[in-house]
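Take a look at the structure below.
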Amino acid sequence: MLNSALSIYFNNILSMRYVSLFLFFLVCNDLFSDEKIKVGGLNFKIPKDWFSETPDSTMRTAQYSIKDPEKKRSGEVLFFYFGNNNAGGIKANVLRWLYQFKEEPQNLNPIIVQDKINDVNVTYVSAYGTYLRGLPLREKTPVDNCQLFGAIIEGHLGTVFIKATGDKNLILNNRNKFKEMIKSALNSFYKTLL
C-alpha cells in the first residue's frame, strides 16, 4: 500500500514538473519571435516586440526599435561586432557608453554588473540621464529621460556589444527580455558544440 501511494505521489510530482516545463517554454515562446540574428558566432532570438531596422551606420551589425503599445515612447537596440579583437576592452567601452550622456559619468549613477554564463563573461551596464543621440563625429540630439542598458559579451569569437537606449520605463520593462536573449544565445552556442 505504501509503495503504491509513493508511486502515485512521485508520478504526480513528475507530471507537475512536465506541466511546469511546458508552461515555461510556452511563455518563453510567446516572448520571442522566430527571428534570429547571428553576431560573433552567437544566435540571438529577437523578442517579438522589437522591430528590425536598417542600421544607421556600417559599424552596427543589427538595429532594432522598441515601441510601447501606445507608440508614445520609443527606444532602440543596437548590436556591434568588430571581429575577434576586443575593440578596446571592457573599461574603455563602458566609459564610451557613459560619455554618450550630457552628464558626467559619476552623475549618471551607473550600475555595472559582471556575470558569467557558460564560462563567458558578460558585463551589464545601466545608466540614466540626458542621452546625446547620434552617430560618432556628427551632431547629437539630446534625449531626456533616457535609460541605457547594455551588455558586453566576451565571446569565444570576439566581443559582442549590445546597447539599448530610450525611454526609461520602456527600456527597464525590456531588461528581462534583453538578458534572456543573451542567456539563450550563450546556452545554445554550447549545445551546438556538444
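Counted over all Cα-Cα pairs of segment 73-179, pairs farther apart than 24 Å make up 20 percent.
When peptides 42-55, 113-126 are sorted by average Cβ neighbour count within 10 Å, with the highest value leading, the order is 42-55, 113-126.
Put simply, the amide H of R73, placed in the peptide plane, has neighbours under 5 Å in D68, leaving out anything fewer than 5 places away on its chain.
Entry for segment 121-181 at q = 0.21, 0.24, 0.29 Å⁻¹: log10 I(q)/I(0) = -0.87, -1.00, -1.15, Debye formula applied to identical alpha-carbon scatterers, no solvent contribution.
Normalising by residue count, segment 34-87 has a Cα convex hull of 86 Å³ per residue. Listed by chain and number, the lysines placed with their C-alpha closer than 16 angstrom to that of K102 are K140, K168; residues fewer than eight positions away on the same chain are left out. Pairs exceeding a 19 Å alpha-carbon distance, out of K71/K179; K38/K179; K91/K183: K71/K179; K91/K183.
The charge dipole of segment 80-134, taken about its Cα centre with unit charges on the Cβ atoms of Lys, Arg (+1), Asp and Glu (-1) only, comes to about 140 debye.
Each value in this text was obtained by applying a stated rule to the coordinates, not by laboratory testing. Everything numeric in this text was worked out from a predicted model, so none of it was measured. Here the Cβ is made from the backbone with ideal geometry for all residues, glycine too, and neighbour counts use every protein chain on show.
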